[in-house]
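The values are calculated or read from the model by the stated rules, or taken from the named source; none is laboratory data. Every value quoted in this text rests on a predicted model; they were computed, and no experiment measured them. We place every Cβ from the backbone using ideal geometry, glycine too, and count neighbours over all the protein chains shown. For the accessible areas, the whole protein counts, side chains as well, though only heavy atoms, and no ligand, DNA or RNA atoms are used. Shrake-Rupley method; radii C 1.70, N 1.55, O 1.52, S 1.80 Å.
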Amino acid sequence: MNPLLPEPAVAFGESARRAFGDLGGIDRARRAEHDHDHPDRAIADALGSLGVDDLSVTTDTDAAAAGAVACIEAGRVVLPWPVAGWLTPSCDGSARTRPFALVDPTDPAVDHGATAPRWEISPGNGRVTTATPGTPLATRLGPFVTRVTPTGGFEPATGALAAAAWWSMFTSCRILGALERALEVTVEHTSARHQFGRPLTAFQTVRFALADAKVEVAGLRELSLFTLWRLGTASVPDAHVDALALRMHALDTARGVLRTCRQLHGAAGVCDEYEIAMLGRHLQPTLRLPDDADTVAVELAGSIRVGGFDGLFDHAGHR
Amino acid sequence: MDFDIGNDARQLRTRLRTSITETFPPEFLGAFTDDPADMAATQAFCKTLADQGLLTIAWPTEHGGAGGDVWAQTVVREEMWAHHEPRGPQYMGLNWVGPAVMAFGTADQKARHLPPIAAGDVIWCQGFSEPDAGSDLAALSTRAVADGDTWRITGQKIWTSYAGIAQWCVLAARVGHGTGHEGITMFLVPMDTPGIRVVPIRTMLGPHHLNEVFFDDVIVGPDAVLGAVGGGWAVIKEALAHERVGIARYARCERLLSLLATGEDGIPDRLRTRWARLLVRVRVARLLAYRAVATQAAGGDFDALASAARIAVTRCDQDVADLLGDALGVGGLDAGADAPLHGAAEDHWRYAQAATIASGTIEVQRMIVARDLLGNAS
Ligand SMILES: Cc1cc2nc3c(=O)[nH]c(=O)nc-3n(C[C@H](O)[C@H](O)[C@H](O)COP(=O)(O)OP(=O)(O)OC[C@H]3O[C@@H](n4cnc5c(N)ncnc54)[C@H](O)[C@@H]3O)c2cc1C
């Protein structure tokens, strides 16, 4: 047992944080919001220089960990780019030529759609097709979301279930990064802000709220790393169950943690000048596409019935 | 005991609902959208309501109202908020500025300020919060200094709703060098007075909703003081209590739950139990608000009841927002007339995030409920 991230991934994360900082950090997302029609070449170039494009996540565990860390770092600045979609292994093992995303087949949509002329999409059932993005919604909650038009029907593909699991894990890492940053800025804000003659952190309610959020975020980090490890070691069906579990938990955690962090900012929590408002707003598509936690929970329970759930006891075949 | 709101109130509800649906298209989401026509429509609607005698139906007859009882008032608040507040920013003047002027104003102030509010002619804003005085409102430091028989006001307000379009502001400032409630005084200030500068704040709410307001040596006359010099805290308390029950958030929650259920795709199966639970919680929030209203009408102390209602309803707001988002997927991120519920889910989510902050945070409401619960034991 060694629950530590491999050293190279830690170093990779540090480089990614510097690179995303050089791009302007969260200001990149702020700026992109006013220019959502144009793919941001500088981000693509920065990811290329980092070597994100060369990470072979299925064959190299260090590379998979580096990919997860890249998504965490991207989440910290809600980088307006589908990093997870590009890191997801292709269905046939070749190099990925277009980003991947899970979609709701009844109304397929992807975040950051306009960054690529073509996407590979899947309902998560082992089938895929390609799709072309429309124009961004350009709303406050979905600034970069585009609906996509499939170019054909969804066809079975060998690696499609594995791809779905990797994508879910990577997008959950994006959520994790955003939540870790949300908690950091909330600690900073409540430590610096004084009301009633004291810093907000002097009030036990505030401390307890921060502590609860910390436990939630720490738990999500553990589950993310565990799932990352499982994706590299477990069978595809097992990894699929674990990825569903992670996604569901990430969605549930995000809802509570973002609420707490926003609340502790007071009115500043809805104000774009503050990082917390940007994080909460720009993360919404990741939290809602392709589906909500209840949908995932229903699917998860069904999958556990068939294939079980890794733990100390049996869970398969439940009635 | 009788929970029937009564025939008059029921008829009023029908009348208001008809008037709203005849005036506004189903995609209307309030005054603070990216389309300036929405704000203009709310201003015109206030005039219509005034002409029909509905704007101040709940005001006493001596102030130009129709003398409706508290349940008539309640119905007005419910129908307005349920339908995205078609009175726009004027609800502020109607809900509490008018009543505060009635309670604390001089005869001249009443004569000057109540008719324009009743006619639907004026937008008021509330200048309470400051950068260093949020939850701790009594720490406010905007200063009013007597200069002959005029006052010179200097300081900064923040999060002032509608300041950019308001003609008047109820401003809380401090006279003298006291601390806490001491010296806090309310001023009725025309927003076009020299020395006032409004700077909009970019938020996830609609454009120009929240603002910073700077007061630089703003001069007002003696007739600007509302209530006693140094007696401002009583006005603030009254204003906030009105505000806490004044916005019938549960009504919008219930309408959105209904629209979701009767909409094109209905409620997804997986969310049915959550939907039903929320419907019950929304009813509970409404009943808590009714309890506060009934207690207030009977002359009882309703502070803690108003806070309890506020805690319940603001939580409903956020949980309903989450349910709508979960049910609508990408549609819940979309805005505009063609989006599901005409974009009401996207709109509601954004505003719901501010619900537990505005008019005193949910933590402040908890303090009030706890103080009441614990009494001397605290
Ligand atoms: C949509 C909206 C409209 C508004 N409109 C107006 C307006 O028109 N006029 C106006 O004057 N103001 C307005 N406000 C401001 C509002 O009244 C303040 O935001 C509110 O009182 C909280 O103050 P703050 O934002 O400074 O938060 P802070 O006081 O800084 O609070 C930050 C967090 O710390 C918590 N906290 C603070 N003290 C304690 C404590 N002792 N114990 C535990 N927790 C604590 C708070 O509950 C909150 O979660 C508006 C706000 C919003 C969001």
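Quick notes on this structure:
- Distance in nm between pseudo-label sites at B:Asp372 and B:Ala337 (7 Å out along the Cβ direction from Cα): 4.5 nm
- For chain B, the longest principal axis of the alpha carbon atoms and the long axis of helix B:249-262 meet at an angle near 20°.
- Maximal additional length on extending the B:Asn7-B:Asp147 stretch stands at 44.9 nm, based on 0.36 nm per residue less the C-alpha distance.
- Axis of helix B:7-23 versus longest Cα principal axis of chain B: the two differ by about 90°, to the nearest ten degrees.
- Cβ-placed point charges (K, R +1; D, E -1), dipole of the stretch A:160-307 about Cα centre in debye, nearest 20: 280 debye
- B:Ile219 long-range amide H proximity, modeled H, under 5 Å: B:Ile153
- Heavy-atom accessible area ranking, 1.4 Å probe, most first, across A:Glu273, B:Glu363: A:Glu273, B:Glu363
- Between 0 and 90°, nearest 10: helix A:41-50 axis offset from chain A longest Cα axis: 80 degrees
- Reach of A:Lys214 by Cα under 20 Å, taken over aspartates and glutamates that are not fewer than 8 positions away in the same chain: A:Glu73, A:Glu180, A:Glu184, A:Glu188, A:Glu222, A:Asp252, A:Glu275, B:Glu363
- The convex hull drawn around the Cα atoms of the protein assembly as shown, when projected onto a plane and averaged over every direction, covers 32.9 nm².
- Calculated [222 nm] ellipticity per residue, helices only, for chain A: -18000 deg cm²/dmol; basis is -39500 (n - 2.57) per DSSP H run with n ≥ 4, divided by all residues, nearest 500.
- If R0 is 45 Å, the Cβ-Cβ spacing of B:Gln52 and A:Phe196 corresponds to a FRET efficiency of close to 0.45.
- Accessible solvent surface per residue of the protein assembly as shown, calculated while the other protein chains remain in place, 1.4 angstrom probe, Å²: 42 Å²
- Here's the list of lysines a cross-link from B:Lys237 could span, going by alpha-carbon distance under 27 Å and ignoring same-chain residues fewer than 8 apart: B:Lys110, B:Lys157.
- Alpha carbon centroid spacing (whole Å) that separates the stretch A:1-31 from the stretch B:167-244: 46 Å
- Prolate/oblate/rounded label for the stretch B:125-230 (Cα gyration tensor, a/c 1.5): oblate
- What separates the Cα centres of the stretch B:58-109 and the stretch A:263-293 is a distance of 35 Å.
- Alpha-carbon centroid distance for the pair the stretch A:147-172 / the stretch A:195-229, whole angstrom: 33 Å
- Sum of side-chain charges, B:Gln90 neighbourhood, beta-carbon under 14 Å (Lys, Arg +1; Asp, Glu -1): 0
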